[in-house]
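Below: one structure, written as structure tokens.
Derivation of every value follows stated rules applied to the coordinates shown; laboratory data play no part. All of these numbers come straight from a predicted model, not from anything done at the bench. Note that we place each Cβ from the backbone using ideal geometry, even for glycine, and neighbour counts take in every protein chain shown.
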Amino acid sequence: MLPPKTCDWGFPEPHEWSDDDDVVAVGADLAPNTLLYAYSHGMFPMYVGNRNRDLGWWSPVARGVIPLRDLRVTRSMKQSARKFTVTFDQSFAEVMHQCASAHTEGQWITQEFIDAYCTLHTLGHAHSVEVWDTDHRLVGGLYGVRINNFFAGESMFHLQRDASKVAVMHLVDAMNVAGMALLDTQWCTDHLASLGCIEVPRSRYLELLALAIAP
């Protein structure tokens, strides 16, 4: 899948971005072509501010990535993985709704986002990983966007211990099998750092992205 070369919106070029601001543009829409263009150029959407709820396009100065060969799999994760069943692309919308419910502060996964990413999923560009318990209840998962050998992780959730980590573990396994190159986590949180996430400068991230999305 080739990323779109053009977009209906005049996004600024990377050389025009501020070196100390994670938000590089405001406005546009969540149409499939807009989203794919943005991801292929190092940006992702989230709202800016709590009142006006402007649509912002973010490209963190310090970007979080998980090196695919350096995922930290603990003994606890291995034990947890044995009691879960993991699937791909079986309950995309439900994963998004659960991720929305898990983020009570600064909520940005609105119905507008759910509709937009479900459309991307229908088109084959967005994917989910689902983690089920022995009673076939959805207890963890994640979703994101794929362009060629690049996967942009958007959000994840867990209702049982280690469920989201098991989702990441299976995602990384699948990416390695497929020969993919870059797993983007947006920022490097303590939770993600425990899995091996590292920070790379924006300039280096854009280099890695270009290589990963190249045909």
Rounded if a/c under 1.5, otherwise prolate or oblate - the range 14-60, Cα gyration tensor axes: oblate
The range 106-215, relative contact order [Cα under 8 Å, separation at least 6], %: 21
Student exercise, the range 64-213 dipole from Lys, Arg, Asp, Glu Cβ charges, in Debye to nearest 20: 600
Label point at ASP19 placed 7 Å out along Cα→Cβ; residues across the range 180-215 whose backbone nitrogen lies under 15 Å: 201-204
Pairwise label distance in nanometres, ASN33 with LEU211, each label 7 Å out on the Cα-Cβ vector: 3.1
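Per 0.36 nm of contour for each residue apart, how much would the distance between LEU2 and VAL26 grow if the chain were fully extended, relative to their Cα-Cα spacing?
So the extension gain works out to 6.1 nm.
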Nearest-20 debye value, the range 104-172 charge dipole, Cβ charges on Lys, Arg, Asp, Glu: 220
Computed [θ] at 222 nm, helices only, for the chain once each DSSP H run of length n ≥ 4 contributes -39500 (n - 2.57): -9500 deg cm²/dmol
The chain - Rg and Dmax from Cα coordinates, angstrom: 16.6, 52
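When only C-alpha pairs under 8 Å and at least 6 residues apart count, what is the relative contact order of the chain, in percent?
For the chain, the relative contact order is 26 percent.
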Lys/Arg +1, Asp/Glu -1 at C-beta; the range 14-60 dipole; positive extreme among PRO32, PRO45, PRO60: PRO32
Charge-dipole axis of the chain as Lys and Arg at +1 and Asp and Glu at -1 on Cβ define it, positive-most pick from TYR205, VAL73, THR87: VAL73
THR134 versus LYS78: modelled label distance in nm, points set 7 Å from Cα along the beta carbon direction: 2.1
Residue order, fewest to most surrounding Cβ atoms within 10 angstrom, among THR189, THR119: THR189, THR119
Residues with amide H under 5 Å from that of SER155, placed H, sequence gap 5 or more: TYR143
Lys, Arg +1 and Asp, Glu -1 on Cβ, resulting dipole of the range 1-125 about Cα centre, debye, nearest 20: 980
For LEU206, net neighbour charge (Lys/Arg +1, Asp/Glu -1) across residues whose Cβ lies under 15 Å away: -4
